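J.: Please read through the structure below; I'll follow up with questions.
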Number of protein chains: 2
Amino acid sequence: MEEKDTVQNILDSAQALVQRRGYNAFSYKDVSLEVGVRGASIHYHFPTKADLGVALVRRYRNYVEVQLKRIREQGGDAPEQLRQFVKLYQSVVTEDGRLCLNCMLAADFPTLPESVAAEVRYSLECNAVWLERVFAQGSAEGTLQFRRSASEEAHAFLAGIEGGMLLARAYGTPRAFETLALGAVMALEV
Amino acid sequence: MEEKDTVQNILDSAQALVQRRGYNAFSYKDVSLEVGVRGASIHYHFPTKADLGVALVRRYRNYVEVQLKRIREQGGDAPEQLRQFVKLYQSVVTEDGRLCLNCMLAADFPTLPESVAAEVRYSLECNAVWLERVFAQGSAEGTLQFRRSASEEAHAFLAGIEGGMLLARAYGTPRAFETLALGAVMALEV
DNA sequence: AATTGTATACCTACATGTAGATAGATGTCA
DNA sequence: TGACATCTATCTACATGTAGGTATACAATT
């Protein structure tokens, strides 16, 4: 019965560590100290670091997908959905210096085990696809105006979001992310 | 006489390694293998990794500043200067999976020695300030249109550039960076 | 001109700690 | 009893340095 808890605790701890420090700057020992089990126990649940990484990205993607689905089903107009998107990522980037998991792992990309890299690539693509649909909707309903294709605009928007997190943290002004991201939505409204 | 060469070789090698793998995923040994001197010799020139990091960021910032000054002095209109800015960063992100040094280090931010972190923060700010001036010029000369302040627009543009690099590399399509970034310029032209 | 001093740029060898991983023992509960 | 979860103990590899020595060059001293 402890199993579930331990696994969840490991994932929670590891996720926070990756979001703050990246894939290469956290260790089983860090997790073990936070969770209160020995390193060997983490290997029991996640034999290799790659296994842990894959589990992390999948769980995160699942969570995000659920939230994105909810936003679409709420049925607001395109700008409102983009604002909800921003809000979601703002909640993911809590006060304590975290970045979006995918963003951090994208930075570590060339050093990631291929299995983890593939999961990250797919997660990013999911976000882009969701955004593309919102941009298409905004164009159709006349609430967003832009010159590029919906796909290009979606990728650009996502780039701005990920880059915005990076910069806001480096400047030490996490609030700046919200301003930046909501400003980007406003800039596209009709 | 070897001295200058060795130091430059160390910096060149270390810069490429940081741009590809980040601050935490390269070692003195990696550099030593590439340069062909022993690890201890690198410590001779750069006593600690933080010293090496600071030297790296300063040299890079210097290079970028020289290029940006040149672009301003060439005196094109604002969109042209932005395109040159994109071109500069495209050249920095060569074919081999590199990212802008500041972008990589921004991702590693919480794990950086404070001395290195401060240099990165300053470098990013230099870019933002340069961009802000271009946006102000574009607004004044009527070649760029945007709704936010020049400062906000500059930070958003920079975020898009840094985030665009990250995504392009993760997708494995480095060419996408150019499309994305030049598209962002086009979207702002009158 | 030969000798000594001094700085540079390396080197070998080692110290200390951590990372990721494994083997095998122990406890615990249905 | 047996499966599951965790432990202790250990391994190999590597990271970041430090200690101390060597080779070379270029002065200044005699």
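The values are calculated or read from the model by the stated rules, or taken from the named source; none is laboratory data. None of these values were measured; they are calculated from a predicted model. All Cβ positions, glycine included, derive from the backbone under ideal geometry; neighbour counts span all protein chains shown. Protein only, heavy atoms only, side chains kept; ligands, DNA and RNA dropped before computing areas. Shrake-Rupley method; radii C 1.70, N 1.55, O 1.52, S 1.80 Å.
J.: Please state the shape class of chain A: rounded when a/c is under 1.5, otherwise prolate if a/b exceeds b/c and oblate if not, all from the C-alpha gyration tensor. Please list the in-between numbers first.
T.: Numbers: a/c = 2.26, a/b = 2.02, b/c = 1.12.
Since a/c reaches 1.5 and a/b is larger than b/c, the shape of chain A is classed as prolate.
J.: Using a simple spin-label model with points 7 Å from Cα along the Cα→Cβ vector, what separation in nm is obtained for A:Ala118 and B:His45?
T.: Label at A:Ala118, label at B:His45, 4.1 nm between them.
J.: Place a +1 charge on the Cβ of each Lys and Arg in the protein assembly as shown and a -1 charge on the Cβ of each Asp and Glu, then give the dipole magnitude about the Cα centre in debye, rounded to the nearest 20.
T.: On the way: 42 positive and 48 negative charges, 48 e Å.
So the dipole magnitude of the protein assembly as shown works out to roughly 240 debye.
J.: Quantify how strongly other chains surround peptide A:139-150 by giving the mean number of their Cβ atoms within 10 Å of each of its Cβ atoms.
T.: Numbers: counts 0, 0, 0, 0, 0, 0, 0, 2, 5, 6, 1, 0.
Partner-chain Cβ atoms within 10 Å, mean over residues of A:139-150: 1.
J.: For the protein assembly as shown, just give the cysteines left without a disulfide-compatible partner, judged by no other Cys Cβ under 4.7 Å.
T.: When partners are defined as cysteine Cβ atoms under 4.7 Å apart, the protein assembly as shown leaves A:Cys126, B:Cys126 without one.
J.: Which shape class applies to the protein assembly as shown: rounded if a/c is under 1.5, otherwise prolate when a/b exceeds b/c and oblate if not, where a ≥ b ≥ c are the square roots of the Cα gyration tensor eigenvalues? Spell out each step's value before the answer.
T.: Values: a/c = 2.11, a/b = 1.07, b/c = 1.97.
Taking the square roots of the gyration eigenvalues as a ≥ b ≥ c, the protein assembly as shown is oblate.
J.: Further question: Which net charge results when you count Lys and Arg as +1 and Asp and Glu as -1 among the other residues whose beta-carbon is under 9 Å from that of A:Gly22? The partial results should precede the final answer.
T.: On the way: positive: A:Arg20, A:Arg21; negative: A:Asp108, B:Asp108.
Its environment carries a net charge of 0.
J.: So, one more: Could you tell me the total accessible area buried at the A-B interface, probe 1.4 Å, in square angstrom to the nearest hundred?
T.: On the way: alone 9930 and 9940 Å², together 16550 Å².
Interface between A and B: roughly 3300 Å².
J.: What nm distances, shortest first, do you get from the label point of B:Gln74 to those in the other copies when the point sits 7 angstrom along Cα to Cβ?
T.: 4.5
J.: For a Förster distance of 35 Å, can you work out the FRET efficiency between the beta-carbons of B:Cys126 and B:Glu34, rounded to the nearest 0.05?
T.: Working: r = 29 Å, r/R0 = 0.82.
Plugging the Cβ-Cβ distance into 1/(1 + (r/R0)^6) gives 0.75.
J.: On to the next question. For segment B:61-108 and segment A:151-190, compute the distance between their C-alpha centroids and round to whole Å.
T.: Centre-to-centre (Cα) distance: 20 Å.
J.: With each run of n ≥ 4 DSSP H residues scored as -39500 (n - 2.57), what mean residue ellipticity at 222 nm is computed for chain B after dividing by its residue count and rounding to the nearest 500 deg cm²/dmol?
T.: -26000 deg cm²/dmol
J.: Can you tally the lysine pairs in the protein assembly as shown where the Cα-Cα distance is under 30 Å and the two residues are eight or more apart, or on different chains?
T.: 16
J.: Can you give the accessible area per residue of segment A:65-190, in Å², using a 1.4 Å probe? Walk me through the numbers before you get to the answer.
T.: Values: 4880 Å² over 126 residues.
Using a 1.4 Å probe on heavy atoms only, each residue of segment A:65-190 averages 39 Å².
J.: Compare A:Tyr44, B:Tyr28, A:Tyr60 by solvent-accessible area with a 1.4 Å probe and give them largest first, with all protein chains kept in place. Present the calculation step by step, with values, prior to reporting the outcome.
T.: On the way: A:Tyr44 175, B:Tyr28 30, A:Tyr60 5 Å².
My answer, sorted largest first, is A:Tyr44, B:Tyr28, A:Tyr60.
J.: Place a +1 charge on the Cβ of each Lys and Arg in segment B:50-188 and a -1 charge on the Cβ of each Asp and Glu, then give the dipole magnitude about the Cα centre in debye, rounded to the nearest 20.
T.: Numbers: 15 positive and 17 negative charges, 36 e Å.
Using Cβ point charges on Lys, Arg, Asp and Glu, segment B:50-188 gives about 180 debye.
J.: So for segment B:1-138, taking the charge dipole from beta-carbon charges (+1 Lys/Arg, -1 Asp/Glu), which of B:Ser123, B:Gln15, B:Thr48 sits furthest toward the positive end?
T.: Working it through, the farthest residue towards the positive pole turns out to be B:Ser123.
J.: Right, next: With r defined as the distance between the Cβ atoms of A:Asp77 and A:Arg175 and R0 fixed at 35 Å, what FRET efficiency is calculated, to the nearest 0.05?
T.: Working: r = 26 Å, r/R0 = 0.74.
Here the calculated transfer efficiency is 0.85.
J.: Let me ask something else about it. How far, in nm to one decimal, is A:Lys87 from itself in the other copies if the label point is set 7 angstrom along Cα toward Cβ? Shortest first, please.
T.: 4.4
J.: Leaving out ligands, DNA and RNA but keeping every protein chain, what accessible area does B:Asp96 have, in Å² rounded to the nearest 10, with a 1.4 Å probe?
T.: About 50 Å², rounded to the nearest 10.
J.: With a cut-off of 8 Å between alpha carbons and a minimum separation of six or more residues, what is the relative contact order of chain B in percent? Each step should come with its number before you reach the end.
T.: On the way: 171 pairs, mean separation 43.4, N = 190.
Reported relative contact order: 23 percent.
J.: Using 1/(1 + (r/R0)^6) with R0 = 25 angstrom and r between the beta carbons of B:Arg147 and A:Arg147, what's the FRET efficiency to the nearest 0.05? Spell out each step's value before the answer.
T.: Numbers: r = 15 Å, r/R0 = 0.60.
My answer for the efficiency is 0.95.
J.: I'm checking a number: the convex hull volume of the Cα atoms of segment B:39-139, normalised per residue, in Å³. What is it?
T.: On the way: hull volume 11.5 nm³, N = 101.
Here the figure is 114 Å³ per residue.
J.: Also: Provide the gained length on full extension for the span A:Glu65 to A:Met186, in nm with one decimal, where the gain is 0.36 nm per separating residue minus the Cα-Cα distance. Kindly include the intermediate steps, with their values, before the conclusion.
T.: On the way: separation 121, 0.36 × 121 = 43.56 nm, distance 2.41 nm.
Roughly 41.1 nm would be gained on extension.
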